[in-house]
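Colleague: Before we start, here is the structure in question, set down as structure tokens.
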Amino acid sequence: MNPITGHTKLTALLGSPVSHSISPLMHNEAFRKLGLDYVYLCFDVNEHALPEAVAGLRSCGIRGFNLTMPDKNKMVELADELSPAARLIGAVNTVVNEKGRLIGHNTDGIGYMHSVKDAGYDILGKTITIMGAGGAATAICAQAALDGVAKIHIFARRTSRFWDRTQHLADTINASLPCRAELHDNEDKTALRQAVEESALLLNATSVGMAPNTEASIITDRNLFREDLIVSDVIYNPRETKFLKLAREAGCRTFNGMYMLLYQGAEAFRIWTGVDMPVEHIKRMYFS
């Protein structure tokens, strides 16, 4: 890490939990590699404490910060301005401080779609199924539709506070893009089976299975998995969730959220610094 000076710019991650995150390693190594006078820290902040934390960071002149679960949706209310993507998605994972104004962005969808390519798969023109309606799920859904996925099945709890927002996103996609988006209730097992059967990729975009609750899985019916199905998880701790383990044992091709983390972080890095993250260097250091 570069020496911290009186000119060092602060960047950070807000969420709960955050102690497992490799974002500080990734960003601080990129700052060091490029000789940038920045530092990146983690702060364990839940959505109830977020308004106070954001106000304090604004007062301290933070250059920018990332948000992870459960803070992405709450940040929408706290930002002074939203990028078009963040407004469409209804969630913020990256904030940049422009002369005291906090501008909210969402780089999750870009990061995920890049990670699919990095894993060696092409899902454009195909059908996918996404489990979840939180910030990561809606960001991926929006970007997948923009990039050219043909159809997206989204499964969420009808009682979720994000249900109406997700339905609005699906309606917007259907009205403005060639992609077809359909929202289903998690409890509709017939719809889930049919959706997975016609999908090239099945994605868990919830926190189910994330450390420390590693014995949980968003899908428990092993019969849903088939050998030609690509199965993905936005979680990277543990590196193989129970969901991915079940899929792998059924013969599916799987990949976790590590490269999504890398590429969404690279876009945030560019927003804060104006220069590109040395992605290949970071990949060799922390993702090999």
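The values are calculated or read from the model by the stated rules, or taken from the named source; none is laboratory data. Predicted, not measured: the structure shown is a model, and the values here were computed from it. Glycine gets a Cβ as well: all are built from the backbone with ideal geometry, and neighbour counts include every protein chain shown. Heads up: the accessible areas ignore ligands, DNA and RNA and are worked out on the full protein's heavy atoms, side chains in. Shrake-Rupley method; radii C 1.70, N 1.55, O 1.52, S 1.80 Å.
Colleague: Quick one: in the stretch 124-141, which of the residues that are closer than 26 Å to residue 67 by Cβ and more than 12 Å from the chain's Cα centre (by Cα) is surrounded by the most Cβ atoms within 10 Å (Cβ to Cβ)?
Modeller: It comes out as 130.
Colleague: Go through the stretch 163-213 and give me each residue that's of a type outside the set (Lys, Arg), over 19 Å from residue 138 (Cα atoms), out of contact with any strand residue (DSSP E or B) (no Cβ under 9 Å at 6 or more places or on another chain) and open to solvent by 50 Å² or more (accessible area, probe 1.4 Å).
Modeller: 187, 190, 197, 212, 213
Colleague: Consider residue 70 against the criteria (1) under 14 Å from residue 265 (Cα atoms); (2) open to solvent by 40 Å² or more (accessible area, probe 1.4 Å): it satisfies all of them except one. Which criterion is unmet?
Modeller: The one condition residue 70 does not meet is (1).
Colleague: Something else: For the stretch 150-269, please list each of the helices (runs of 4 or more DSSP H) lying entirely inside it that holds at least 1 residues being farther than 19 Å from residue 88 by Cβ and of a type in the set (Gly, Ala, Ser).
Modeller: The qualifying helices (runs of 4 or more DSSP H) are 189-197, 242-249.
Colleague: Quick one: in the stretch 94-120, of everything that is closer than 19 Å to residue 64 by Cβ and of a type in the set (D, E, K, R), which residue is surrounded by the most Cβ atoms within 10 Å (Cβ to Cβ)?
Modeller: Residue satisfying both the conditions and the ranking: 108.
Colleague: Kindly list the number of the only condition in (1) touching a strand residue (DSSP E or B) at 6+ places or on another chain (Cβ under 8 Å); (2) in contact (Cβ under 8 Å) with a residue 40 or more places away in the chain that fails for residue 235.
Modeller: Just one mismatch for residue 235, condition (2).
Colleague: Here is a further query. Looking at the stretch 32-50 only, could you name the residues that are open to solvent by 30 Å² or more (accessible area, probe 1.4 Å) and aliphatic (A, V, I, L, M)?
Modeller: Residues satisfying the conditions are 34, 36, 41, 49.
Colleague: Being in contact (Cβ under 8 Å) with a residue 12 or more places away in the chain, in a loop (DSSP other than H, G, I, E, B), surrounded by fewer than 23 Cβ atoms within 10 Å (Cβ to Cβ) and not aromatic (Phe, Trp, Tyr) is the filter here, so list the residues in the stretch 270-288 that pass it.
Modeller: Answer for the stretch 270-288, where residues must be in contact (Cβ under 8 Å) with a residue 12 or more places away in the chain, in a loop (DSSP other than H, G, I, E, B), surrounded by fewer than 23 Cβ atoms within 10 Å (Cβ to Cβ) and not aromatic (Phe, Trp, Tyr): 275, 278.
Colleague: (1) of a type outside the set (D, E, K, R); (2) over 18 Å from residue 115 (Cα atoms); (3) open to solvent by less than 40 Å² (accessible area, probe 1.4 Å); (4) at pLDDT below 95: which one isn't true of residue 238, the others all being true?
Modeller: With respect to (1) of a type outside the set (D, E, K, R); (2) over 18 Å from residue 115 (Cα atoms); (3) open to solvent by less than 40 Å² (accessible area, probe 1.4 Å); (4) at pLDDT below 95, residue 238 is out only on (2).
Colleague: Give 91, 85 a once-over and let me know the one that is closer than 20 Å to residue 139 by Cβ, of a type outside the set (S, T, N, Q) and assigned to a helix (DSSP H, G or I).
Modeller: 85
Colleague: Additional query: Restricting to the stretch 1-31, name every residue that is under 19 Å from residue 271 (Cβ atoms) and open to solvent by 60 Å² or more (accessible area, probe 1.4 Å).
Modeller: Passing the criteria: only 9.
Colleague: With the checklist (1) of a type outside the set (Phe, Trp, Tyr); (2) closer than 28 Å to residue 287 by Cα; (3) modelled with pLDDT under 95 in hand, flag the one item residue 161 doesn't pass.
Modeller: (2)
Colleague: Within the stretch 73-82, take every residue that is farther than 17 Å from residue 43 by Cβ and in a helix (DSSP H, G or I) and give me the one that is least open to solvent (accessible area, probe 1.4 Å).
Modeller: The selected residue is 76.
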